[in-house]
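Peer 1: Once you've had a glance at the structure underneath, I'll fire off some questions.
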Amino acid sequence: MITRFHIENFKSLADFDLPPEGHELAGFTCLIGMNGAGKTTLLQAFDFTAQLMRGRVEEWLESREWDRMDLATNLGGEKRPSIQIAVDLTLNQTTKVTWTACYHSPSVQCVTENITEGDEMLLSLVSAGSLTVAGRPGEPSEHYKNVPFEYEGSVLSTLNLENAHPLLNEVKRHLISLRSLELLAPQLMRRSSRESEDIGSSGERLTGFLAQLSVEQRDDLRKQISRFYPQVQNWRIRDKQFGWKGLLVKESTMGGREVTEAHINDGFLRVIAMLSQAYTGSKILLLDEVENGINPAIADELMDFLVSLSREGTQVIVTTHSPVVLNYLEDDVAKAGVILLFKSPDGRTQSRRYFDVPENERKLRALGPGEVFLDTSIEDLVSRLAKEATPSEAAT
Amino acid sequence: MILIVSGEGPTDIGRCLNAEARCNDRNFEPGPMATLVDKIAEGELGYSLTDSGALDHVPESTRTQMAKKLPMTFVTGRRRDFETGHFFKEARALARLAMTESRSDGCPRGVVLFHDADGTRATERGLYESRLKSMKDGFASEEFEFGVPMVPKPKSEAWLICALKQGAYQNCQSLETALSGNDNSPEPAKQQLQALLDGMGKQVSDLANMVQEGTIDHGRISMPSYDVFKKRLKEVLQSLQRQPSSSC
């Protein structure tokens with residue numbers, strides 16, 4: 001799992017740490033904050049990291065209709081071309097590895113990269129192009145005066161890791177498996193699609209993903225869905241022409257008739273998209289505004305599902321504006337995982353563990369996490385934290 | 001009748017001398033505010049609740065745990081201010097406790113819920129009014145008629161200073177605004193009270209006894225937040241007296 005994520009010069013994340021210094025990121029993280037505080041930007045930064053590892057930055061930028069330099073922080077001065085990233089990972093529950101990179105926007109690639117395990121350097125790319133890759137334990141490192149191939153994003157995206165230190169592949173796989181569903185769109189989920197290993201960032205390949213699940217996985221998913229929607233008696237994939245897949249859902253409230261994907265409600269599609277992530281092998285799952293389209297009555301089931309997913313090894317990071325969603329979190333999960341994002345007066349996104357704020361921690365003794373959220377003026381809190389974040393300005 | 005008192009700790013309502021979630025009688029060490037409640041009650045009823053074992057104490061930790069177990073409440077909105085949710089739910093929790101126990105043993109119970117009106121920097125606007133209202137709303141939401149908010153403005157020391165300072169009755173009202181409840185401010189209420197106590201060779205730990213003995217004369221306190229509390233406490237005591245209470 002990712003225990004620390006640092007990024008500089010990525011949109012409003014000018015110099016940003018998640019979580020704040022002195023803490024480690026929890027298995028379940030819930031980002032809150034006012035609109036425009038940087039929650040979605042942070043999910044984009046995570047997604048960007050996955051694209052660096054995939055080596056598909058250009059494609060990713062195009063899909064969002066962004067230019068190369070659109071990623072850079074724009075706080076009034078001249079945009080800088082480099083984005084710095086540092087990610088601390090704990091792999092296999094014990095091994096601590098750090099990946100740092102300097103991504104150069106105009107060339108769409110990382111010009112420097114380091115991967116270390118403690119003091120041991122596993123990979124080093126310096127700006128002159130020299131690359132050192134640690135071999136398997138007991139075997140020598142490989143040195144290249146210049147990177148011997150073209151690459152986009154991280155050098156790991158293209159590097160042959162067959163004879164390299166196994167942790168390098170672990171880091172790559174871990175970050176590649178990061179799934180960001182920050183654009184889930186029911187109208188796209190209704191589309192037919194061909195078989196796919198993931199549902200796509202907007203859920204546009206949902207039917208194709210469901211189609212390739214094993215019989216056991218589909219049975220399990222049916223059971224999970226019945227916790228949320230007892231009225232759903234069954235769902236199945238229907239084969240269409242040329243390998244396209246559609247979705248049929250049988251609901252007791254529809255007289256036991258099957259309805260096609262065109263008539264399935266938004267909430268159901270979002271829930272099945274989220275539940276299906278249990279079968280992707282993703283190490284990190286990101287969901288924006290998790291409550292969208294979800295009836296508050298099933299919010300507790302959803303939070304139970306996401307928290308249990310995080311306990312089973314998939315790190316879960318969600319954003320929410322919903323006190324109902326927050327209120328279903330256990331206090332210890334909320335204390336470790338609810339993080340407030342806010343902007344300092346100069347527009348930089350900052351983070352603070354919400355229940356580290358003394359009055360919020362105190363209120364949590366008598367109130368649920370969502371009630372504390374409701375009971376606290378977020379405008380006042382953010383304004384105070386923003387002043388604390390810039391003490392020199394506050395003093396003047 | 002039984003009066004359940006609950007506050008913030010030993011320096012206001014008091015503390016349990018045992019490790020139980022509730023205490024009364026010899027296991028309850030009343031602080032100055034509980035003693036104040038008892039003195040007012042004694043004047044009204046003609047007997048001391050403490051001496052008759054009728055003052056029950058619910059520590060803060062018990063109260064907050066009870067509040068937390070209540071179903072989620074939309075603690076703020078058009079009808080309630082920010083920063084009042086826990087007062088509302090704590091009042092509800094104590095009201096439920098009092099009503100459940102009264103139904104069970106037939107002895108009528110009132111509740112005094114104490115909180116200072118001061119707050120952190122973030123939350124100092126209109127705190128007294130909103131805390132008072134949220135407690136009243138909490139009691140009312142349980143249809144509980146015997147709830148008493150005890151909210152000194154800005155904090156309990158102001159009431160005690162009013163009783164101790166020369167020329168009591170005069171200018172006590174100004175203590176509500178002149179005294180800072182924030183203990184980090186240059187002249188906090190605690191320091192001013194300490195200065196008065198120093199002059200008498202007394203300590204903070206003596207306050208409850210001083211109220212009990214009359215060195216701190218509750219009759220000398222006259223300030224709006226105290227008057228509101230005292231009036232309500234008397235009303236509730238009178239109402240409780242009118243309740244059938246054969247089993248107390």
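Read-outs throughout are calculated quantities, based only on the coordinates presented, and are distinct from any laboratory measurement. Everything numeric here is computed off the predicted structure, so don't read it as measured data. We place every Cβ from the backbone using ideal geometry, glycine too, and count neighbours over all the protein chains shown.
Peer 1: At 0.36 nm per residue, minus the direct Cα-Cα distance, what do A:D119 and A:D380 gain on full extension? Give it in nm, one decimal, please.
Peer 2: On the way: separation 261, 0.36 × 261 = 93.96 nm, distance 4.37 nm.
Full extension of this stretch gives 89.6 nm more.
Peer 1: Using 0.36 nm per residue, how much length does the chain from B:E101 to B:E143 gain when fully extended, once their Cα-Cα distance is taken away?
Peer 2: Numbers: separation 42, 0.36 × 42 = 15.12 nm, distance 1.51 nm.
Going from the current span to full extension adds 13.6 nm.
Peer 1: Moving to a separate point now. Farthest toward the dipole's positive end in the protein assembly as shown, which of B:G14, B:S239, A:I32, given Cβ charges of +1 (Lys, Arg) and -1 (Asp, Glu) about the Cα centre?
Peer 2: Farthest along the dipole direction, towards plus: B:S239.
Peer 1: Would chain B count as rounded, prolate or oblate if I go by the C-alpha gyration tensor, calling it rounded below 1.5 in a/c and otherwise prolate when a/b exceeds b/c, oblate otherwise?
Peer 2: Numbers: a/c = 1.69, a/b = 1.20, b/c = 1.41.
It is oblate, given that a/c is not under 1.5 and a/b is not larger than b/c.
Peer 1: Principal axis lengths of region B:1-103 from Cα atoms, whole Å, largest first?
Peer 2: Principal-axis extents of region B:1-103 (Cα, largest first): 43, 31, 31 Å.
Peer 1: Using alpha carbons only, how many angstrom separate the centre of region B:81-156 from the centre of region A:78-151?
Peer 2: The distance from the Cα centre of region B:81-156 to that of region A:78-151 comes to 59 Å.
Peer 1: Report the calculated FRET efficiency for A:V126 and A:E258 (r = Cβ-Cβ distance, R0 = 56 Å), to the nearest 0.05. Walk me through the numbers on the way to the answer.
Peer 2: On the way: r = 60 Å, r/R0 = 1.07.
Once the sixth-power term is evaluated, E becomes 0.40.
Peer 1: Here's something else I'd like to know. For region A:242-258, what does the Karplus curve 6.51 cos²θ - 1.76 cosθ + 1.60, with θ = phi - 60°, yield as ³J(HN,Hα) per residue in whole Hz, taken in order and with x for Gly and Pro?
Peer 2: For region A:242-258, the Karplus-derived couplings read 6, x, 6, 10, x, 10, 10, 10, 10, 10, 5, 6, 9, x, x, 7, 8 Hz, x marking Gly and Pro.
Peer 1: Return the whole-Å distance between the Cα centroid of region A:1-65 and the Cα centroid of region B:189-248.
Peer 2: Answer, in whole Å: 56.
Peer 1: How do A:W235, A:W244, A:W66 rank when sorted from fewest to most other Cβ atoms within 10 Å of their own Cβ?
Peer 2: On the way: A:W235 22, A:W244 16, A:W66 13.
Going from least to most buried by this count: A:W66, A:W244, A:W235.
Peer 1: Under the rule of at least 5 residues apart or a separate chain, name every residue whose amide H is placed under 5 Å from the amide H of A:W235.
Peer 2: The list, which skips near neighbours in sequence, is A:K250.
Peer 1: Distance between the C-alpha centers of region A:250-264 and region A:317-381? Whole Å please.
Peer 2: The two parts, judged by their Cα centres, are 39 Å apart.
Peer 1: Shifting gears a bit: So, with +1 on the Cβ of K and R and -1 on the Cβ of D and E, and no other charges, what is the size of the charge dipole of region A:265-384 about its Cα centre, to the nearest 20 debye?
Peer 2: On the way: 12 positive and 19 negative charges, 86 e Å.
In debye, rounded to 20, region A:265-384 gives about 420.
Peer 1: Treating the beta-carbon of each Lys and Arg as +1 and of each Asp and Glu as -1, no other charges, what is the dipole magnitude of region A:140-219 about its Cα centre, to the nearest 20 debye? Walk me through the numbers on the way to the answer.
Peer 2: Numbers: 9 positive and 12 negative charges, 49 e Å.
That gives region A:140-219 a dipole magnitude of about 240 debye.
Peer 1: Next question, about the same structure. On the first, second and third principal axes, largest extent first, how far apart are the outermost C-alpha atoms of region A:311-360 in Å?
Peer 2: Principal-axis extents of the Cα atoms in region A:311-360, largest first: 39, 27, 18 Å.
Peer 1: Additional query: Can you figure out the FRET efficiency of B:K234 with A:D356, using R₀ = 41 Å and their beta-carbon distance, to the nearest 0.05?
Peer 2: On the way: r = 43 Å, r/R0 = 1.05.
The calculated FRET efficiency here is 0.40.
Peer 1: Among the aspartates and glutamates, which have Cα under 13 Å from the Cα of B:K39 when same-chain residues fewer than 8 positions away are ignored?
Peer 2: B:K39 reaches B:D51, B:E213, B:D217.
Peer 1: A follow-up question, please. Using only DSSP helix segments of four residues or longer, with each worth -39500 (n - 2.57), what per-residue ellipticity at 222 nm results for the protein assembly as shown after dividing by its residue count and rounding to 500?
Peer 2: Values: 23 runs with 236 residues, N = 644.
Theoretical 222 nm ellipticity from helices: -11000 deg cm²/dmol.
Peer 1: Which one, B:L132, B:L113, B:G199, is farthest towards the positive end of the dipole of chain B when Lys and Arg carry +1 and Asp and Glu -1 on their Cβ?
Peer 2: Going by the Cα projections, it comes out as B:L132.
Peer 1: Among B:D137, B:D81, B:D38, rank each residue by its count of other Cβ atoms within 10 Å, from fewest to most, as a rough exposure measure.
Peer 2: By the 10 Å Cβ count, ascending: B:D137, B:D81, B:D38.
Peer 1: Expressed as a whole percent, how much of the Cα-Cα distance distribution for region A:285-329 exceeds 13 Å? Don't skip to the answer; put the middle values down first.
Peer 2: Working: 495 of 990 pairs.
Value for region A:285-329: 50 percent of Cα pairs lie more than 13 Å apart.
Peer 1: Collect residues whose amide H, placed 1.01 Å from N in the peptide plane, falls under 5 Å from the amide H of A:R194; neighbours closer than 5 in sequence don't count.
Peer 2: So A:R194 has HN proximity to A:K245.
Peer 1: Return P(r) of region A:25-155 (all Cα-Cα pairs; 5 Å bins starting at 0; whole %; ordered from short to long distances).
Peer 2: 2, 9, 16, 20, 18, 16, 11, 6, 2, 1, 0
Peer 1: Here's another thing I want to ask about it. With viscosity set to 0.890 mPa s at 25 °C, what whole-number translational diffusion coefficient in µm²/s follows for chain A from Stokes-Einstein and a Kirkwood radius over Cα pairs?
Peer 2: On the way: Rh = 22.5 Å.
Translational diffusion coefficient: 109 µm²/s.
Peer 1: May I pose another question? Under a Cβ-only charge scheme (Lys and Arg +1, Asp and Glu -1), can you give me the dipole magnitude of the protein assembly as shown about the Cα centre, in debye to the nearest 20? Let's see the in-between values first.
Peer 2: On the way: 73 positive and 91 negative charges, 293 e Å.
Result for the protein assembly as shown is approximately 1400 debye, rounded to the nearest 20.
Peer 1: Can you list the residues, at least 5 places off or on another chain, whose amide H is less than 5 Å from the amide H of A:F10, using H built in the peptide plane?
Peer 2: Long-range HN contacts for A:F10: A:T73.
Peer 1: Mean shadow of region A:114-271, computed from the convex hull of its alpha carbons, in nm²?
Peer 2: Values: hull surface 53.7 nm².
The Cα convex hull of region A:114-271, projected and averaged over all directions, gives 13.4 nm².
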